[in-house]
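A short reminder: the numbers here are calculations on the coordinates, not readings from a lab. Since we're looking at a predicted model, the values are computed, not measured. For neighbour counting, all protein chains shown are included, and Cβ atoms are generated from backbone atoms with ideal geometry for every residue, glycine included.
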Amino acid sequence: PDDITLMWAEDNFGYVRQVPTMAEKQREGGSGVYYHVSYYGSPNSYLWLDSMPLSTMYEELQKLFDAGAKKYWILNVGDIKPAEISTEFFMDMAWDIDKIDDNNIREQVSEKAQRDFYADQETAEETSDIHAEYLQIANAKRAENMGKEGTTSDVYSVINNGDEGQKRINELNQLVNRAEEVYKKLPEIRKDAFYEMIYYGLRSTKNSLEMSVYSDKNDLYARQGRY
């Protein structure tokens with residue numbers, strides 16, 4: 001029926017599959033958005049940590065909005081605390097689409113860091129940079145998907161590209177060290193919020209990657225007789 005709102009879902013991993021046609025834009029019921037920052041289903045679920053880059057979310061939601069999907073927006077969040085930043089970013093875009101553009105995404109997180117963590121401007125900007133860099137790494141291979149089958153986890157190669165797995169671990173360790181320095185600077189009353197919203201996901205991703213990559217290295221060394 002013409003008065004029914006059409007809901008346009010992405011592919012469960014943040015990327016839009018289809019937008020309204022010109023004819024569908026004219027429907028009385030209009031169009032809406034169904035988006036994920038948490039997902040349970042095939043082929044891979046991600047329910048534990050937030051790993052959706054805000055830049056990806058911005059680009060895809062803006063694409064849907066420009067295509068006429070403006071009437072009703074739904075976000076699949078799952079556990080609220082790990083995805084608190086992404087959830088608010090989604091709601092900010094839904095409330096005022098013109099408030100955010102592709103040049104001020106990090107500023108949104110910086111402003112929230114000042115508000116939620118009582119961080120000064122320099123510390124807030126550092127927090128925003130850490131968060132953005134973490135999401136890029138986490139989205140490339142989600143912690144929830146670092147499983148192991150047979151003799152390899154197939155997360156990152158420990159041979160090719162100059163030991164890609166170790167490079168990723170080193171990047172995450174650098175981010176963890178930067179986050180720890182930010183944590184030390186925050187007021188005691190706000191350290192728990194920083195831990196939950198920024199540090200926990202970063203540290204958990206690092207630990208998961210270390211377990212997978214070092215397990216792969218252990219198996220490789222054993223096959224090479226280096227035990």
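Under 4 °C and 1.567 mPa s, how fast does the range 78-227 diffuse according to Stokes-Einstein, given a Kirkwood radius computed over C-alpha pairs? Answer in µm²/s, whole number. Value of D from the Cα-based Kirkwood radius: 76 µm²/s. In this simple spin-label approximation, Arg115 and Ser157 carry label points 7 Å from Cα along the Cα→Cβ vector, and these lie 4.5 nm apart. Here the dipole of the range 143-224 is about 280 debye; that uses its Cα centre as origin and unit charges on the Cβ of Lys and Arg (positive) and Asp and Glu (negative).
For the pair Asn145 and Glu28, label points projected 7 Å from Cα toward Cβ lie 4.3 nm apart.
Between Asp3 and Ser42, the FRET efficiency estimated from the beta carbon spacing at R0 = 41 angstrom works out to 0.80. Local charge for Pro1 was computed over the other residues whose Cβ lies under 12 Å away, with Lys and Arg +1 and Asp and Glu -1, and equals -2. Charging the Cβ of each Asp and Glu at -1 and of each Lys and Arg at +1, and nothing else, the dipole of the chain about its Cα centre rounds to 740 debye. Normalised by residue count, the range 63-155 yields a Cα convex hull volume of 147 Å³ per residue. For the chain, DSSP calls about 25 percent of its internal beta bridges antiparallel. Ordering Asn207, Pro187, Ala222 by Cα displacement along the dipole of the range 170-227 toward the positive end leaves Ala222 in first place; charges were set at the Cβ atoms of Lys, Arg (+1) and Asp, Glu (-1). In order along the range 41-48, the phi-based Karplus estimate (6.51 cos²θ - 1.76 cosθ + 1.60, θ = phi - 60°) of 3J(HN,Hα) comes to x, 8, x, 9, 8, 9, 10, 8 Hz; Gly and Pro are listed as x. May I ask which residue of Ala9, Gln108, Pro20 lies farthest towards the positive end of the charge dipole of the chain, with charges of +1 (Lys, Arg) and -1 (Asp, Glu) on Cβ and the Cα centre as origin? Value: Ala9. Rounded to 0.05, the FRET efficiency of the Glu88 and Gln136 pair, given R0 = 22 Å and the Cβ-Cβ distance, is 0.65. Over the chain, Cα pairs under 8 Å with separation of 6+ residues give a relative contact order of 18 percent.
Just to confirm my numbers, what's the Cα centroid distance between the range 142-206 and the range 5-72 in Å? Using only Cα atoms, the two centres lie 28 Å from each other. Under the simplified labelling scheme, the Glu107-Arg226 pair shows an inter-label distance of 4.9 nm, with each label point 7 Å from Cα along Cα→Cβ.
FRET efficiency for the Glu59 to Glu122 pair, using the beta carbon distance and R₀ = 41 Å, is estimated at 0.90. Translational diffusion of the range 1-138, estimated by Stokes-Einstein from the Kirkwood radius over alpha carbon pairs at 10 °C in a medium of 1.306 mPa s, is 100 µm² per second. Gain on full extension, evaluated as 0.36 nm per residue between Arg190 and Asn218 minus their Cα-Cα distance, stands at 6.1 nm.
Multiplying the residue separation of Lys81 and Ile97 by 0.36 nm and subtracting their alpha-carbon distance yields 3.4 nm.
Between the listed residues Phe89, Ile74, Tyr40, the Cα displaced farthest toward the positive end of the dipole of the range 1-145, a dipole computed from Cβ unit charges relative to the Cα centre, is found at Tyr40.
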